[in-house]
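The values are calculated or read from the model by the stated rules, or taken from the named source; none is laboratory data. Here the structure is a predicted model, which is why all the values come from computation and not from measurement. So basically every Cβ, Gly included, is an ideal-geometry build from the backbone, and we count neighbours across all protein chains shown. Side chains are part of the model used for accessible areas, which takes the heavy atoms of the whole protein and leaves out ligands, DNA and RNA. Shrake-Rupley method; radii C 1.70, N 1.55, O 1.52, S 1.80 Å.
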Amino acid sequence: MMLKNRWKKAACLILTIISTVCLGKVDVKAADYWPDAPETLSPSVILMEESTGTILYEKNMDEAHYPASITKIMTTLLALENGNLSDMVTFSDDAINNTEGSGIARDYGEQMTLEQCLYGVMLESANECAYAVAEHVGGTVENFVDMMNAKAKELGCTNTHFANPHGLQDENHYTTAHDMALIAQAAYQNETFRIIIGTKMYTIPPTNKHAEETVLRNHHDMLCTYHNANRKYLYPYCVGGKTGYTATANSTLVTYAEKDGMTLICVVMNTQSPNQFIDTVNLFDYAFDNFQVLNVAENDTDYSAETTVDNGNLNNIAPFVELDKDAVIVLPKTAEFSDTSSSVEYNDSDPEIAGSITYTYAGRNVGKADIKTTGVVVEGYAFDNESTEEEEQEAVSTVQVKPIVVVLLIVAVILLGVLLFFLKRFYDNYYIIKHNRAVRRDRKDQKRRIRKKRRRRRRWR
């Protein structure tokens, strides 16, 4: 392990040297140009690329506002991470009576699966479903709210505080466009979440309180035409999102869109409808028209596996690490990968990741790539005295002599010696024994012949 860690440090040291050399060649580039975004009507907006977290556009993104029902993105994320979709959720009296506004008319004691509840939360923005989900997952709504705030802190939110799971007005319930984008980014990494938000219509079968089916329709006007009969704000690349509104919060909106391998997240807060849709559509068009996603491993020649350093045997470091093959960065379409600047950071906390490379362009972070260890075993070198001593100690420690084995070997040697002794004795005496037997047979034959002669003589007399 110590040897592997030293190779990780050596790898990052070499990559840092390369970075320094490359950065030394680059001054301010004429190509460091960031496309101008369209004017937005909403007071607080952010446009983020999902896989890299690159902020393509922002306007007062760290200004706190009431989120209204986009709160339910966090509620759904926590339910998916901590619950089971097949769990049966029972609606309490509080869930029915403490949630005004949007809902699907559930009754006290009604039972639905957690999955059905989450479709109610995200498609119909059902407040009673959000409350029931919070009670089921957190034990109490208060515990669930604590989970929401803990998760927000974990995700890096800096100006967020939740007071309920549904977003109904509360002075202590606020967030920012930037924090909401971080929450939306984390939620989008959950496959079930992506399926739910992209569903246009969902049917809840009859329950213990409702004999008929309950049909749910998605309220996001950029995805379907529930509120938007003339299809004015339908957006072909929209894959889902969440709407929000209260009289105090005004309109809020979180939307996801995908095109050409790029996934965008747009958050709009505290605006008058339909500005949330107008701004989102314009920003999506701006991003898809002006930006591109580039794979790091395929484009970074400075840190590729073919990179070598004129440092003797250290040139063999290349097979030991490699760039994350899935890592990407986002750049204007007018820029090339070589226009980016980069820096290397060593990582000692994960044995599979030696470090990471952060890429910047026009003063903005545009993505990063992990430097992954490949598992290749690298031999030690003569200058690595510590490694040699460790290897020798390991080699010595592997030769272990057990007393029982020694005793058995000694006994085996003794038995073999005794056996050889008797075999030698037998071999030496074999001919003597054979001769003695032959002599005894001759004597017996001679005696028989003498007796026969004597008998013949008696007869002749």
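Points to keep in mind about this one:
- As computed over the stretch 43-167, the Cα convex hull volume per residue (Å³): 113 Å³
- Relative contact order computed over the stretch 87-246 (Cα-Cα under 8 Å; 6+ residues apart), in percent: 19 percent
- Net charge of neighbours whose Cβ lies under 12 Å from the Cβ of Phe288, counting Lys and Arg as +1 and Asp and Glu as -1: -3
- Share of carbon and sulfur in the accessible heavy-atom surface of the stretch 157-269 [1.4 Å probe, %]: 44 percent
- The Cβ shell under 9 Å around His166 holds other residues with a net charge of 0, Lys and Arg each +1, Asp and Glu each -1.
- Built amide H within the under 5 Å cut-off of Thr271, gap 5+: Ser251
- Separation between Cα centres of the stretch 178-203 and the stretch 228-280, rounded to whole Å: 13 Å
- Rounded to whole Hz, the Karplus (6.51, -1.76, 1.60) HN-Hα couplings of the stretch 274-290, x for glycine and proline: x, 4, 4, 7, 4, 5, 5, 4, 5, 6, 4, 4, 4, 5, 5, 7, 10
- Pairs from the list Lys200/Lys325; Lys151/Lys372; Lys200/Lys232; Lys151/Lys242; Lys259/Lys333; Lys232/Lys259 with a Cα-Cα gap above 22 Å: Lys200/Lys325; Lys151/Lys372.
- Backbone HN-Hα couplings from phi across the stretch 119-128 [Karplus 6.51/-1.76/1.60, Hz, Gly and Pro as x]: 5, x, 5, 8, 8, 9, 6, 6, 5, 5
- Taking all protein chains as they are arranged and a probe of 1.4 Å, the heavy atoms of Lys424 leave approximately 110 Å² accessible to solvent.
- Accessible area of Glu258 in the full protein assembly, 1.4 Å probe (Å², nearest 10): 80 Å²
- Per residue, the convex hull spanned by the Cα atoms of the stretch 130-268 amounts to 143 cubic angstrom.
- Cα Rg, Dmax (largest Cα-Cα span) when computed across the stretch 141-213, Å: 15.7, 46
- Over the stretch 116-182, the Kirkwood radius and the radius of gyration, each from Cα atoms, give a ratio Rg/Rh of 0.97.
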